[in-house]
């Protein structure tokens, strides 16, 4: 069976050239079409005004394989991914947002880069450095060393965009700088299972390899998204592209410019969505909300007394639609923020207050994996095993941790570890928390030997050898 691939739109081929500045054109006009609808005569005004702010990016360093959908079958244990991390140059796109020379692009375009060149629209090459990255949303901010004669873009309101609205992508697909493609917004709030904060815009504007990090404009010439991924069986465009909405990107970019990192609130619960049958059994009016299936010890949720089986209905008086929505909303709040949660417990409604902690980058869904002093990462995001899962598989308390995500191209990915795996032993010792695995991994890295890990997956017990030599150095 053939499974469609979710691919980053970054390219590893050489840029052929940057197109010359756009020919002057009249401002965009509108022409009446059939019925009561209208369509623009063309987009030359937007292209002429905004193209100088769009740049090509050549990131020299380690080039990894593209991300893929989580529900694709993993490769056989021990089998490498089809495309291995290698030394090379990743090609992508970006856009200049201010006169200080800050450029927005995708994290996967510049991840692992030792040198970054910016290709301006007029063919000039400038140097840039990384100011900050946020793997959870795949956003990165660069800064030009030479900030003379810059054209900048403005952010638009992505929340106001409706399916059917015009979208314009400008970027450097396959190294062809200044390429313009046009389409419509196909959908909003798409969850492509690339991370806990998925909320993508979907467009049918042609997006190809090398468009990663480029801007998606509305018909007013404002940036409403950062082009990030395509859905394709072959790696080419089939009319399904995804962009991080401006409403998400703006906040991330501001934090990266100010501090170089992004802080997110954390509650400390594992959640399950509701369906109509569950809602009826719980006496709820609808299937909105999220059921608590696990509470992390020592977390804000534990301190507030949240319990398994609690149904979370509202955050600060705003209805919770589903677990994904709650995760995004909490992630938008700063640590130390006090929130109120309306919930149902044993048929009774009540409200609890709790103060958010900061999401732990070593064992959270936004993590790229346990970091070690050597700079070689294993590439796992870890979480506590929900009690309902522990009971289901008969695993005793205090044993094991669950894989929440696997970084593409990492040692863990090369070994075949996948989301949902339960790790019980590493290097012959029991694992009861993330630190146990981190310590075992450090020992393996120091000894330059593979780490033997015992894995529970789909009622099977397996052993996996995770080799530090296969890791991407950070």
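The values are calculated or read from the model by the stated rules, or taken from the named source; none is laboratory data. Small disclaimer: the values here were computed from a predicted structure and weren't measured. In this analysis, Cβ positions are derived from the backbone assuming ideal geometry, glycine residues included, and neighbour counts consider all displayed protein chains.
Things to note:
- Checking residue 149 against (1) in a loop (DSSP other than H, G, I, E, B); (2) in contact with a strand residue (DSSP E or B) (Cβ under 9 Å, 6 or more places away or on another chain); (3) within 28 Å of residue 101 (Cα to Cα), the condition it does not meet: (2)
- Scanning the stretch 161-176 for residues that are on the phi > 0 side of the Ramachandran plot and in a loop (DSSP other than H, G, I, E, B) returns a single hit, 164.
- Residue identified as under 25 Å from the mean Cα position of the chain (by Cα), surrounded by fewer than 20 Cβ atoms within 10 Å (Cβ to Cβ) and at pLDDT 85 or above among 418, 399: 418
- Residue 387 meets all of the listed conditions (1) farther than 19 Å from residue 292 by Cβ; (2) in contact with a strand residue (DSSP E or B) (Cβ under 7 Å, 6 or more places away or on another chain); (3) surrounded by fewer than 20 Cβ atoms within 10 Å (Cβ to Cβ); (4) at pLDDT 70 or above but one, namely (1).
- Checking each residue of the stretch 211-227 against the condition of being modelled with pLDDT under 85, over 19 Å from residue 121 (Cβ atoms) and surrounded by 24 or more Cβ atoms within 10 Å (Cβ to Cβ) gives no match.
So that you can scan it fast, the table gives a plain yes or no per residue for (1) part of a loop (DSSP other than H, G, I, E, B); (2) within 21 Å of residue 107 (Cβ to Cβ); (3) out of contact with any helix residue (DSSP H, G or I) (no Cβ under 6 Å at 6 or more places or on another chain); (4) not assigned by TED's automatic domain parsing to the domain that holds residue 455:
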position: 389; (1), (2), (3), (4): no, no, yes, no
position: 395; (1), (2), (3), (4): yes, no, yes, no
position: 402; (1), (2), (3), (4): no, no, yes, no
position: 405; (1), (2), (3), (4): no, yes, yes, no
position: 414; (1), (2), (3), (4): no, yes, no, no
position: 419; (1), (2), (3), (4): yes, yes, yes, no
position: 423; (1), (2), (3), (4): no, no, yes, no
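- Answer from 437, 452 - the residue that is crowded, with 16+ Cβ neighbours inside 10 Å, in contact with a strand residue (DSSP E or B) (Cβ under 7 Å, 6 or more places away or on another chain) and not assigned by TED's automatic domain parsing to the domain that holds residue 294: 437
- Of all residue pairs spaced 6 or more apart or on separate chains, those with beta-carbon atoms under 9 Å, a first member in the stretch 386-400 that is touching a residue at least 24 places away in the same chain (Cβ under 8 Å) and a second member that is in a helix (DSSP H, G or I) are 395/389; 399/390; 400/390.
- Residues satisfying the stated conditions in the stretch 240-295, i.e. surrounded by fewer than 17 Cβ atoms within 10 Å (Cβ to Cβ), in a helix (DSSP H, G or I), modelled with pLDDT of 90 or more and out of contact with any strand residue (DSSP E or B) (no Cβ under 8 Å at 6 or more places or on another chain): 251, 254, 258
- The single condition among (1) surrounded by 19 or more Cβ atoms within 10 Å (Cβ to Cβ); (2) modelled with pLDDT under 95; (3) more than 14 Å from the chain's Cα centre (by Cα) that residue 234 does not meet is (1).
- Of the criteria (1) surrounded by 15 or more Cβ atoms within 10 Å (Cβ to Cβ); (2) closer than 24 Å to residue 384 by Cα; (3) touching a residue at least 40 places away in the same chain (Cβ under 8 Å), which one residue 320 fails: (3)
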